[in-house]
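Have a look at the structure below before the remarks.
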Amino acid sequence: MSHPDDFPGTAFILRWYGSCLREMGRFADAESMLLESREIIVRTMGESHRIANQMAEGLAMLYDAWHAAEPDVGYDVRAAEWKSRKALSDDADG
């Protein structure tokens, strides 16, 4: 059985897989999976949905870990950007 690209279940599997890749230190692969999963959730549930917020937090964690492994590349800036998005969403939830 196949599902359309905008099926939320696909996003959850990609998120889980991306988190596993992050833990394995495969940051570029993890980034691809986590960004795609968040994109699906934003398309299907909206930017302000709590799951999109959780995925922003996961991306911040990815970039924090990547920055620890490669500190001179600028991944700390990307982590800060995703933390900022999460904070804005937290403020909107209020």
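The values are calculated or read from the model by the stated rules, or taken from the named source; none is laboratory data. Fair warning: this is a prediction, and the values are worked out from it, not measured in the lab. Note that each Cβ is placed from the backbone with ideal geometry, even for glycine, and that neighbours are counted across all protein chains shown.
Details
- Note on the stretch 4-23: residues that are of a type in the set (Gly, Ala, Ser) and in contact with a Lys or Arg (Cβ under 9 Å, 6 or more places away or on another chain) total 1.
- All positions within the stretch 76-94 that are closer than 17 Å to Met55 by Cβ and at pLDDT 80 or above: Arg78, Ala79, Ala80, Glu81, Trp82, Lys83, Ser84, Arg85
- Filtering the stretch 36-53 to residues that are over 17 Å from Trp82 (Cβ atoms) and not aliphatic (A, V, I, L, M) leaves Arg43, Thr44, Gly46.
- Leading residue by the ranking (nearest to Lys86 (Cα to Cα)) among those in the stretch 20-35 that are buried (at least 17 other Cβ atoms within 10 Å of the Cβ) and not basic (Lys, Arg): Leu34
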